[in-house]
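Colleague: Please read through the structure below; I'll follow up with questions.
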Amino acid sequence: MMKWILFAGAAVVVATPACAQDIKFKPLLEARLRMENVEQTGLATDESTAVTLRVRAGGIITRKRVSALFEAQGVLALDDHYYDGLHGAATRPLIADPENVAIHRAQLQYKDKDITVTAGRQRISLDDDRFVDAALFRQSAQTFDAVRVEWTPIPKLKADVTYAWSVRTVWGIEGTGARQRAVSGDNVFANLSYTTPIGTVTGYAYLVDQDEAAVQNFRLSNQTYGAKFAGSQTLAPKVKLNYQLSFARQTNYHRNPNSYSASYYLVDGMLEAREFRLGGGYEVLGADNGVAFTSFQMPVGSGFRWRGWAGKFVPDPADGVRDVYGTVGYVAPTLGKLKAVTLQATWHSFRSDRMDRPYGTELDLLGSAKLGRYTVSARYAGYESAGFATDTHKLWLQLDWAF
């Protein structure tokens, strides 16, 4: 399939001279330099430090409604005193950024007024990245070999359906065992949403088929059906309230040897007053009977953005997770020469869903700003265990550049 997509992309490049004036080319070029330091108790060596450089390069060729996109990437470890999940000593904390060279994206797209069809290796993010995510925080990220159709048959109604036959993981070309380079399977991601004056109502179905015995013996295959309501209301000039409610039910799917049923709940709100933010929420990933992988799982969702940046709940523990969180922040479009200035602090209190036991607390801090083509950011995550996992502290210093 990928060979045919690349061939079709080449065909666009060598279009006849008569059509040359209709062809547009946009280069894609970006780089990211990052230092990640992890301190984690309970290991023989309780600290890892990784300095990695990622470069992506490619381009988009467009002619009328059809475009071809190709993007390659490389990840280089400048300081490899860490365990990347594939190399190094597992006695050190894990930093999931192994060296890698790969085709990041290779896709064809048809885009009209009411419909967009994308085929090939592509990024897909759905439902705030919780259920389906491109994992853009990791250096190699996650992509899908898939066909995706986004259709708006009438105003305010949108259908978004994807069939993905391979998940290209963050582990890269040397991925193996439970951390494979790619996980095959018949995955279906479907959304149907309708926008109202007070928010958007979305029904969703996610059928995740992790059809590789080495990946937890098929136990991450699941089917999830749910609904979400999300919207915002202006309360006063430059004052806005954002809100979100979601519920889902998950059961085993395809070759999963477990038989289970677990629920998901989310209540979330954020008040924006000029540049200031104040929000909070309650998220529950339910459990069934306390057996491993019979709690609510999101195997192709975000492993970083939600439930704390320290990553202590990936995969979801057997007794599930209840996360009560609060956020304060400051977001300024401009501040002197700086753009998109962001300061944010989020506090989490984690407990088990089954038996209601304390897990621990976490504080996440973020500061970032953009200057020209550069974005500088610093992050910190501090997880304090109350009986689950171990104390973990992470620090990221990052410089991004995009053409």
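The values are calculated or read from the model by the stated rules, or taken from the named source; none is laboratory data. Being a predicted model, the structure only gives us computed values, none of them experimental. Using ideal geometry, Cβ is built from the backbone for each residue, glycine included, and neighbour counts are taken over all protein chains shown.
Colleague: Which condition number does residue 390 fail, the rest of (1) surrounded by 18 or more Cβ atoms within 10 Å (Cβ to Cβ); (2) of a type outside the set (Lys, Arg); (3) part of a loop (DSSP other than H, G, I, E, B) being met?
Modeller: Against the list (1) surrounded by 18 or more Cβ atoms within 10 Å (Cβ to Cβ); (2) of a type outside the set (Lys, Arg); (3) part of a loop (DSSP other than H, G, I, E, B), residue 390 comes up short only on (1).
Colleague: What about residue 190, is it part of a strand (DSSP E or B), surrounded by 16 or more Cβ atoms within 10 Å (Cβ to Cβ) and of a type in the set (A, V, I, L, M)?
Modeller: yes
Colleague: Restricting attention to the range 302-332, and to residues there that are small (Gly, Ala, Ser), within 18 Å of residue 363 (Cα to Cα) and part of a loop (DSSP other than H, G, I, E, B), which single residue is modelled with the lowest pLDDT?
Modeller: Restricting to residues being small (Gly, Ala, Ser), within 18 Å of residue 363 (Cα to Cα) and part of a loop (DSSP other than H, G, I, E, B), the top hit is 303.
Colleague: Test each condition in (1) under 20 Å from the mean Cα position of the chain (by Cα); (2) in a strand (DSSP E or B) for residue 153 and report the one that comes out false.
Modeller: Tallying (1) under 20 Å from the mean Cα position of the chain (by Cα); (2) in a strand (DSSP E or B), residue 153 fails exactly one: (1).
Colleague: Can you pull out the residues in the range 128-154 that are in contact with a strand residue (DSSP E or B) (Cβ under 8 Å, 6 or more places away or on another chain), crowded, with 17+ Cβ neighbours inside 10 Å and of a type in the set (A, V, I, L, M, F, W, C)?
Modeller: Those that are in contact with a strand residue (DSSP E or B) (Cβ under 8 Å, 6 or more places away or on another chain), crowded, with 17+ Cβ neighbours inside 10 Å and of a type in the set (A, V, I, L, M, F, W, C): 131, 132, 134, 141, 144, 146, 147.
Colleague: For the range 55-111, give me the residue count where each residue is acidic (Asp, Glu), modelled with pLDDT of 95 or more and either surrounded by fewer than 17 Cβ atoms within 10 Å (Cβ to Cβ) or part of a strand (DSSP E or B) (or both).
Modeller: Summing the residues that are acidic (Asp, Glu), modelled with pLDDT of 95 or more and either surrounded by fewer than 17 Cβ atoms within 10 Å (Cβ to Cβ) or part of a strand (DSSP E or B) (or both) in the range 55-111 gives 1.
Colleague: If residue 353 satisfies all but one of (1) more than 22 Å from the chain's Cα centre (by Cα); (2) surrounded by 15 or more Cβ atoms within 10 Å (Cβ to Cβ); (3) more than 24 Å from residue 263 (Cα to Cα), what's the number of the condition it fails?
Modeller: If we test residue 353 against (1) more than 22 Å from the chain's Cα centre (by Cα); (2) surrounded by 15 or more Cβ atoms within 10 Å (Cβ to Cβ); (3) more than 24 Å from residue 263 (Cα to Cα), just (3) comes out false.
Colleague: Let me ask another. Quickly run through the range 23-51 and pick out the residues that are over 18 Å from residue 85 (Cα atoms) and either surrounded by 15 or more Cβ atoms within 10 Å (Cβ to Cβ) or hydrophobic (A, V, I, L, M, F, W, C) (or both).
Modeller: Matches in the range 23-51: 23, 25, 28, 29, 30, 31, 32, 33.
Colleague: Moving on. If I filter the range 170-179 for residues that are among the polar types (S, T, N, Q), surrounded by 15 or more Cβ atoms within 10 Å (Cβ to Cβ) and touching a residue at least 12 places away in the same chain (Cβ under 8 Å), do I get at least one hit?
Modeller: Looking for residues that are among the polar types (S, T, N, Q), surrounded by 15 or more Cβ atoms within 10 Å (Cβ to Cβ) and touching a residue at least 12 places away in the same chain (Cβ under 8 Å), one finds none in the range 170-179, hence no.
Colleague: How many residues are in contact with a strand residue (DSSP E or B) (Cβ under 6 Å, 6 or more places away or on another chain) and outside any strand (DSSP E or B) when one looks only at the range 205-220?
Modeller: 5
Colleague: I'm trying to understand the selection: among the residues of the range 339-358, which are closer than 20 Å to residue 286 by Cβ, free of Cβ contacts under 8 Å to residues at least 40 places away in the same chain and assigned to a strand (DSSP E or B)?
Modeller: Listed by number, the residues that qualify are 349, 351, 358.
Colleague: I'd like to know if the range 195-203 contains one or more residues that are closer than 21 Å to residue 268 by Cβ and assigned to a loop (DSSP other than H, G, I, E, B).
Modeller: Scanning the range 195-203, I find at least one residue that is closer than 21 Å to residue 268 by Cβ and assigned to a loop (DSSP other than H, G, I, E, B), so the answer is yes.
Colleague: Within the range 362-379, count every residue that is part of a strand (DSSP E or B) and surrounded by fewer than 17 Cβ atoms within 10 Å (Cβ to Cβ).
Modeller: Summing the residues that are part of a strand (DSSP E or B) and surrounded by fewer than 17 Cβ atoms within 10 Å (Cβ to Cβ) in the range 362-379 gives 7.
Yes/no per residue for (1) under 18 Å from residue 215 (Cβ atoms); (2) in contact with a Lys or Arg (Cβ under 7 Å, 6 or more places away or on another chain):
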| residue | (1), (2) |
| --- | --- |
| 263 | no, yes |
| 269 | no, no |
| 276 | no, no |
| 281 | no, no |
| 284 | no, yes |
| 290 | no, yes |
| 294 | yes, no |
| 300 | yes, no |
| 306 | no, yes |
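Colleague: I'd like the full set of residues that are in a strand (DSSP E or B) and either under 21 Å from the mean Cα position of the chain (by Cα) or touching a residue at least 40 places away in the same chain (Cβ under 8 Å) (or both), limited to the range 253-262.
Modeller: Passing the criteria: only 262.
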